[in-house]
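Below you'll find the structure, written out as structure tokens, and then a few comments.
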Amino acid sequence: MADAARLVGDAVRDVYHRDAVPLKEHGIEFNPTFIIGGQIGGEAQRLFHVYSAGNFIETTADTRYFQIGESKYGKPIIDRVVQADTPLAAVAKCALISMDSTIRSNLSVGMPLDLAIVRRDAFAFRCIEASLRKMLTSKSFATAGASRYVMRSTRSPDPSIP
């Protein structure tokens with residue numbers, strides 16, 4: 001997985017050298033960021049954040065997730081609720097509350113939201129889309145107690161995910 005992150009970083013640098021000046025001439029700043037994650041064979045799952053310079057970092061026991069884009073409104077929610085032993089369904093809901101908080105607090109942020117659940121040794125992932133819209137617009141989620149919804153609800157945002 002580190003080789004995959006390195007490959008993405010190398011591609012970012014190649015594109016920068018080729019296109020940064022023309023983009024800047026048109027008022028476009030070259031600033032891509034990527035989250036690369038997965039599992040190869042029976043190895044452990046790994047997650048990397050690739051920066052616009054092509055460098056990358058990996059999650060650690062102290063930094064278990066990455067968030068790209070606007071984070072000042074939603075990140076504190078994740079930091080306060082999610083622990084190493086928090087069930088995956090609750091983590092997914094907390095991530096959605098974090099994104100919803102950002103949408104409600106910053107007019108420049110909006111739909112669509114992307115969430116992918118990747119289970120260890122599954123070698124596949126499931127993107128959750130329709131159920132996200134349903135959950136984010138539900139009355140219980142939209143109340144001021146949205147953060148309590150995460151801990152109160154035992155159901156995953158997608159019924160196919162235990």
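Across region 17-30, what is the total count of residues that are surrounded by 11 or more Cβ atoms within 10 Å (Cβ to Cβ) and in a loop (DSSP other than H, G, I, E, B)?
Residues in region 17-30 being surrounded by 11 or more Cβ atoms within 10 Å (Cβ to Cβ) and in a loop (DSSP other than H, G, I, E, B): 2 in total.
Take SER160 and tell me if it is exposed (fewer than 13 other Cβ atoms within 10 Å of the Cβ), in contact with a Lys or Arg (Cβ under 8 Å, 6 or more places away or on another chain), at pLDDT below 80 and not assigned by TED's automatic domain parsing to the domain that holds PRO32.
yes
With ILE57, ILE40, ILE68 as the choices, which residue is modelled with pLDDT of 90 or more and either touching a strand residue (DSSP E or B) at 6+ places or on another chain (Cβ under 9 Å) or more than 17 Å from ARG120 (Cβ to Cβ) (or both)?
Result of the check over ILE57, ILE40, ILE68: ILE57.
What is the one condition in (1) in the same structural domain as GLY38 (by TED's automatic domain parsing); (2) at pLDDT below 80 that PHE48 does not satisfy?
Among (1) in the same structural domain as GLY38 (by TED's automatic domain parsing); (2) at pLDDT below 80, the lone unmet condition for PHE48 is (2).
For SER52, are the conditions met, namely being in contact (Cβ under 8 Å) with a residue 40 or more places away in the chain and in a loop (DSSP other than H, G, I, E, B)?
Yes; evaluated as a whole, the condition is true for this residue.
Would you call LEU107 hydrophobic (A, V, I, L, M, F, W, C) and either at pLDDT below 90 or in contact with a Pro (Cβ under 8 Å, 6 or more places away or on another chain) (or both)?
In short, yes.
Quick one: in region 43-74, of everything that is under 14 Å from ARG6 (Cβ atoms) and among the small types (Gly, Ala, Ser), which residue is surrounded by the most Cβ atoms within 10 Å (Cβ to Cβ)?
GLY54
Looking at LEU136, LEU113, which is the one that is surrounded by 12 or more Cβ atoms within 10 Å (Cβ to Cβ) and either part of a loop (DSSP other than H, G, I, E, B) or modelled with pLDDT of 75 or more (or both)?
Result of the check over LEU136, LEU113: LEU113.
The values are calculated or read from the model by the stated rules, or taken from the named source; none is laboratory data. Note that this is a predicted model, so its numbers are computed, not measured. Glycine also receives a Cβ, built like all others from the backbone with ideal geometry; neighbour counts cover every protein chain displayed.
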